[in-house]
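Right, one structure below, let's go through it.
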Amino acid sequence: MSIKGKKIFLGLCIVVPFLIYCVYYYSNMISNAPFRFTDFQSVVFRYGEPNHMDNQYDSKTGIFQYVTKTNEIERDTVRMTKDDLLYLHRKAQELGFWNLDDDMTGPEAKVNPETETPRFYLEMNYKDKSKKVTMDADFAGNEKMRNAGKSMIDEVNRILAAAQSRSNVK
């Protein structure tokens with residue numbers, strides 16, 4: 001066998017099994033991903049003062065309850081589209097929402113539960129699992145976690161406002 005033939009044989013013996021292994025490994029990883037959009041069911045979002053988070057939205061029921069500037073509680077039906085939910089799912093993956101702590105409340109909330117620091121609660125429900133995060137506006141923990149949580153909350157707020165404006169136009 002020539003030297004060129006030996007190099008090709010050696011390359012095939014290493015490269016082909018490696019490619020087969022990669023396809024096998026990553027196809028299993030993707031199919032067994034813990035949070036898949038095909039299993040996605042709903043988003044629950046609440047915010048306000050810790051003892052009475054009157055502003056709340058549940059994408060399963062479509063009920064959006066919020067406090068107006070005159071301190072009246074109003075209820076509205078707001079439906080998010082499948083594209084809105086897909087965007088939120090992908091944003092959660094991008095920001096690492098699944099890696100956030102469940103309790104991201106500030107030190108003041110642990111000492112004084114009557115604090116008026118704004119609190120946010122975000123829950124993403126899937127067929128077999130759900131991820132729940134409670135976050136205070138004054139959370140002083142890891143900066144990356146705080147920024148990821150705040151970004152996710154801002155995105156949910158933005159998508160919710162867009163969905164509400166679409167439902168009010170009709």
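Look through segment 131-170, keep the residues that are polar (S, T, N, Q) and closer than 22 Å to HIS52 by Cα, and return whichever of them is least open to solvent (accessible area, probe 1.4 Å).
Per the stated criteria, the residue is THR134.
Looking at this structure, is PHE35 modelled with pLDDT under 85, open to solvent by less than 100 Å² (accessible area, probe 1.4 Å), touching a helix residue (DSSP H, G or I) at 6+ places or on another chain (Cβ under 9 Å) and under 25 Å from ASP84 (Cβ atoms)?
yes
It is to be established whether one or more residues within segment 9-19 are in a loop (DSSP other than H, G, I, E, B) and either open to solvent by 70 Å² or more (accessible area, probe 1.4 Å) or hydrophobic (A, V, I, L, M, F, W, C) (or both).
No, that holds for no residue.
For segment 61-101, what are the residues that are free of Cβ contacts under 8 Å to residues at least 60 places away in the same chain and assigned to a loop (DSSP other than H, G, I, E, B)?
THR61, GLY62, THR68, LYS69, THR70, ASN71, GLU72, GLY96, LEU100, ASP101
Test of understanding: among GLU94, GLU116, which residue is more than 19 Å from GLN164 (Cβ to Cβ), open to solvent by 80 Å² or more (accessible area, probe 1.4 Å), among the acidic types (Asp, Glu) and modelled with pLDDT under 85?
On inspection, the qualifying residue turns out to be GLU116.
Quick check, is ASP76 under 29 Å from GLY149 (Cβ atoms), touching a helix residue (DSSP H, G or I) at 6+ places or on another chain (Cβ under 6 Å), open to solvent by less than 60 Å² (accessible area, probe 1.4 Å) and of a type in the set (Asp, Glu)?
no
Looking only at segment 44-73, which residues are more than 26 Å from THR117 (Cβ to Cβ) and open to solvent by 80 Å² or more (accessible area, probe 1.4 Å)?
Of everything in segment 44-73, just one residue is more than 26 Å from THR117 (Cβ to Cβ) and open to solvent by 80 Å² or more (accessible area, probe 1.4 Å), namely LYS60.
Among (1) in contact (Cβ under 8 Å) with a residue 40 or more places away in the chain; (2) surrounded by 12 or more Cβ atoms within 10 Å (Cβ to Cβ), there is one condition ASP128 misses while meeting the rest; what is its number?
(2)
Return yes when LEU122 is open to solvent by 20 Å² or more (accessible area, probe 1.4 Å), modelled with pLDDT of 85 or more and within 16 Å of the chain's Cα centre (by Cα) and no when it is not.
no
Considering only segment 1-14, state which residues are under 46 Å from the mean Cα position of the chain (by Cα), among the aliphatic types (A, V, I, L, M) and modelled with pLDDT of 85 or more.
ILE14, the sole residue that qualifies.
Filter segment 52-91 for residues that are farther than 18 Å from GLU123 by Cβ and among the hydroxyl-bearing types (Ser, Thr, Tyr); which is modelled with the lowest pLDDT?
THR68
The values are calculated or read from the model by the stated rules, or taken from the named source; none is laboratory data. All of these numbers come straight from a predicted model, not from anything done at the bench. With ideal geometry, Cβ positions are generated from the backbone for all residues, glycine too; neighbour counts draw on all protein chains shown. To get the accessible areas, we keep the full protein, side chains included, count just its heavy atoms, and leave off ligands, DNA and RNA. Shrake-Rupley method; radii C 1.70, N 1.55, O 1.52, S 1.80 Å.
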